[in-house]
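The values are calculated or read from the model by the stated rules, or taken from the named source; none is laboratory data. On a predicted model such as this, the values are computed, not experimentally measured, just so you know. Cβ placement follows ideal geometry from the backbone for every residue including glycine, while neighbour counts extend to all protein chains displayed. Accessible surface areas use protein heavy atoms only, side chains included; no ligands, DNA or RNA. Shrake-Rupley method; radii C 1.70, N 1.55, O 1.52, S 1.80 Å.
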Amino acid sequence: MDVKFARRFYLSAFVLAACASGGQLFAQDLEQDFSNLLDRCRTSIEMSAEFDSYGLQSRSVAERHLRDWGSAPKYAGWMDAQSEMYVVLTDWTSRDGQTRRLCNVYFYDEKRVLSKTEQSLLLERFRVTRDKLIGLGTHKVDEELSSIPPLVNSAFLLSERNPSGCSVTTMIAFSPDGTFFSAGTGEQATESCAKN
């Protein structure tokens with residue numbers, strides 16, 4: 001085989017392989033970013049601890065991610081410079097006068113549309129985490145989760161109340177057309193926060 005031809009052949013094969021795997025690598029990066037941010041959210045809310053922002057940059061919170069109910073909300077946004085996703089931390093006061101914390105993961109670009117493959121990968125990553133935690137006995141299935149068609153959603157609960165005395169849920173929801181996505185962990189407003 002001619003040396004020049006062999007070089008071109010292998011270079012072409014390398015470029016084709018890189019292009020073919022690019023979508024897969026991108027999806028894996030997205031999956032890892034999602035898992036990392038959701039885990040930071042879950043740990044912070046479940047342990048009533050400061051959010052671990054190590055390696056992240058402070059980011060303004062997009063107007064569409066501000067809550068329009070509750071009172072005296074405080075917000076903080078955090079993002080990895082290499083990620084499309086960011087975290088929105090919210091402290092808000094409910095009608096019962098208790099302040100609760102939320103930590104949500106969103107896409108910063110409001111025009112971002114999730115492909116079917118990306119939807120499947122993120123949902124699968126969420127379910128793997130859920131099943132692992134339930135298997136450890138630290139969490140349980142959220143039996144009161146209602147389906148809200150056409151949204152796809154899933155959730156699980158911390159088995160015990162967190163140190164702030166709140167019931168804690170972790171959820172994911174997205175629209176089948178990929179135009180809406182939200183995931184996160186929050187102290188539930190459906191129950192009073194009372195330490196055992």
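I want to check a number: in the stretch 30-187, how many lysine pairs have alpha carbons closer than 30 Å, given a sequence separation of 8 or more or different chains? So the count works out to 5. Remark: spin-label model distance ASP29-ARG127 equals 2.7 nm, labels positioned 7 Å along the Cα→Cβ axis.
Assign unit charges at the C-beta atoms only (+1 for Lys and Arg, -1 for Asp and Glu), then state the dipole size of the stretch 106-187 relative to its Cα centre in Debye, rounded to the nearest 20.
Dipole of the stretch 106-187, to the nearest 20 debye: 200 debye.
Look at the Cα gyration tensor of the stretch 30-187: its axes a ≥ b ≥ c give a/c under 1.5, and that counts as rounded. Annotation: per residue accessible area for the stretch 30-187 equals 53 Å², rounded to a whole number [probe 1.4 Å, protein chains only]. A simple charge model with +1 on the Cβ of Lys and Arg, -1 on the Cβ of Asp and Glu and nothing else charged puts the dipole of the stretch 97-142 at about 140 debye relative to its Cα centre.
Ranked by the mean number of other Cβ atoms within 10 Å of their residues, highest first, the peptides 138-150, 30-42 come out as 30-42, 138-150. Other residues lying with their Cβ under 11 Å from the Cβ of THR117 contribute a combined charge of -2, Lys and Arg counting +1, Asp and Glu -1.
Once both labels are positioned 7 Å from their Cα atoms along Cα-to-Cβ, the gap between VAL141 and SER159 label points is 1.6 nm.
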